[in-house]
Amino acid sequence: MWKAYNIVERKLVEVPEQPAAVTIYARPDEREKRHLIDELKVDEHTFNSALDPDELSRLEFEPEHMALIFKRPKNYSGAEQFMFKVTSAGAFLFKDGLRIVIPEEAALFDGAPLARIHSLADVILKLLARSVIHFREHLKGISMVSDELQSEINRAMENKHLINMFALQKSLVYYVNSINSNGALLEKLKHNAGKIGLSTEELEFLDDLIIENNQCAKQAEMYSNILASLMDARASIVSNNLNVLMKNLNIITIAIMVPTFVVSAFSMNVAIPMQRFAFAFWVIMGMAVASVAAFLWYWRRRGS
């Protein structure tokens, strides 16, 4: 599926047909793939990299175009079970147009960063800016979800809450790697600004974008470190609670075994003391209660 846009009055306006200044291929089919590879001479490996979620960000210069692979957050859905994933996207800049390849349908051209378009290279910078904002929004969401899960864990130490915390921690690891990968891409764009043809205003925007991406990376690392520390603390708390529980169970078990021994001793099928005594039952029950009281007194004294 494709969508085409033209730059009209420094804004991107969708048009019903090609050729256009900007074309987005979302989940391209085989015909669209052959058009990009055979007719536009896009390298097949680079094309597949745009659809590979594990591919790192990079910048390549081909004879007829510039190829750029960057990372962006994948649209989150409730079926992901608190797992925030990342995906890749490819931008291929030709002299007469920009071709963008993404593995899923997404609203790439929304938000303030996509206003005031100057050139096709500026569209690429605005897409990268939108990706940084998208990462930052997801980080805020992860922080809120993490706080809610911590409250749930404090109330009930259930496995599902701990598993969700592990999923968030794994998500942050992917986010840190992706944001750092985009940071390396932005630095390479700055070093090749003259080759790409960036204007002074676009270069200033790129400098600001590098700063924002670095801040986003530090924020993601901070969240990741905090969540990792919390997970270690939670593991220690769970282990300590288990030790306390086992201790209490041992106390209960021993407290039950002591009177059981007393009662069992007087239940043997042999001649025993007080077997003809009228109040033998109550004497034995008193001895059982006294043994429990003696054990508890000894345990408390030993614990103090």
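The values are calculated or read from the model by the stated rules, or taken from the named source; none is laboratory data. Being a predicted model, the structure only gives us computed values, none of them experimental. Backbone-built Cβ (ideal geometry, glycine too); neighbour counts: all protein chains shown.
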(request) Could you pull out the residue among 288, 293 that is of a type in the set (Gly, Ala, Ser) and either within 30 Å of residue 151 (Cα to Cα) or in contact with a helix residue (DSSP H, G or I) (Cβ under 9 Å, 6 or more places away or on another chain) (or both)? (result) 288
(message) Given the criterion more than 30 Å from residue 168 (Cβ to Cβ) and acidic (Asp, Glu), identify the matching residue among 105, 60, 55.
(response) 60
(request) Would you be able to say whether some residue in region 282-297 is at pLDDT 80 or above, among the polar types (S, T, N, Q) and within 53 Å of the chain's Cα centre (by Cα)? (result) no
(message) If I go through region 116-173 residue by residue, how many of them are in a helix (DSSP H, G or I) and closer than 30 Å to residue 196 by Cα?
(response) 18
(request) Filter the strands (runs of 3 or more DSSP E) completely within region 1-48 down to those with at least 2 residues that are modelled with pLDDT under 90, in contact with a Leu (Cβ under 9 Å, 6 or more places away or on another chain) and over 15 Å from residue 89 (Cβ atoms). (result) 2-8, 11-15
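The rows are residues; the columns are (1) in a helix (DSSP H, G or I); (2) among the small types (Gly, Ala, Ser); (3) crowded, with 16+ Cβ neighbours inside 10 Å.
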position: 204; (1), (2), (3): yes, no, no
position: 210; (1), (2), (3): yes, no, yes
position: 213; (1), (2), (3): yes, no, yes
position: 220; (1), (2), (3): yes, yes, yes
position: 224; (1), (2), (3): yes, yes, yes
position: 237; (1), (2), (3): yes, no, no
position: 250; (1), (2), (3): yes, no, no
(request) All but one of (1) over 27 Å from residue 64 (Cβ atoms); (2) touching a residue at least 24 places away in the same chain (Cβ under 8 Å) hold for residue 205, so report the exception by its number. (result) (1)
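For (1) surrounded by 13 or more Cβ atoms within 10 Å (Cβ to Cβ); (2) touching a Ser or Thr at 6+ places or on another chain (Cβ under 6 Å); (3) farther than 26 Å from residue 193 by Cα, each residue gets a yes or a no:
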{"site": "22", "(1), (2), (3)": "yes, no, no"}
{"site": "30", "(1), (2), (3)": "no, no, yes"}
{"site": "33", "(1), (2), (3)": "yes, no, yes"}
{"site": "38", "(1), (2), (3)": "no, no, yes"}
{"site": "49", "(1), (2), (3)": "yes, no, no"}
{"site": "62", "(1), (2), (3)": "yes, no, no"}
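A quick yes/no check of all residues on (1) more than 21 Å from residue 18 (Cα to Cα); (2) at pLDDT below 90; (3) in contact with a Gly (Cβ under 8 Å, 6 or more places away or on another chain):
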residue	(1), (2), (3)
95	no, yes, no
107	no, yes, no
112	yes, yes, no
152	yes, yes, no
155	yes, yes, no
162	yes, yes, no
179	yes, no, no
(request) Run down 185, 198, 127 and say which single residue is under 22 Å from residue 221 (Cβ atoms) and in the same structural domain as residue 39 (by TED's automatic domain parsing). (result) 185
(request) Scan region 74-92 residue by residue and report those that are in contact with a helix residue (DSSP H, G or I) (Cβ under 6 Å, 6 or more places away or on another chain) and modelled with pLDDT of 90 or more. (result) 86, 91
(request) Just give me the residues in region 1-28 being free of Cβ contacts under 8 Å to residues at least 12 places away in the same chain and of a type in the set (Val, Ile, Thr), in sequence order. (result) 8, 13, 15
(message) On the basis of being outside any loop (DSSP other than H, G, I, E, B), outside the structural domain of residue 64 (by TED's automatic domain parsing) and farther than 17 Å from residue 132 by Cβ, does residue 281 make the cut?
(response) yes
(request) Output the residues belonging to region 220-243 that are at pLDDT below 80 and over 30 Å from residue 175 (Cβ atoms). (result) 240, 241, 242
(message) Any residue at all in region 82-99 that's within 34 Å of the chain's Cα centre (by Cα), of a type in the set (D, E, K, R) and surrounded by 14 or more Cβ atoms within 10 Å (Cβ to Cβ)?
(response) yes
(request) Answer yes or no: is there a residue in region 64-74 that is among the β-branched types (Val, Ile, Thr) and within 22 Å of residue 130 (Cα to Cα). (result) yes
(request) Please find, within region 164-177, the residue that is modelled with the lowest pLDDT out of those that are out of contact with any helix residue (DSSP H, G or I) (no Cβ under 9 Å at 6 or more places or on another chain) and closer than 16 Å to residue 76 by Cα. (result) 170
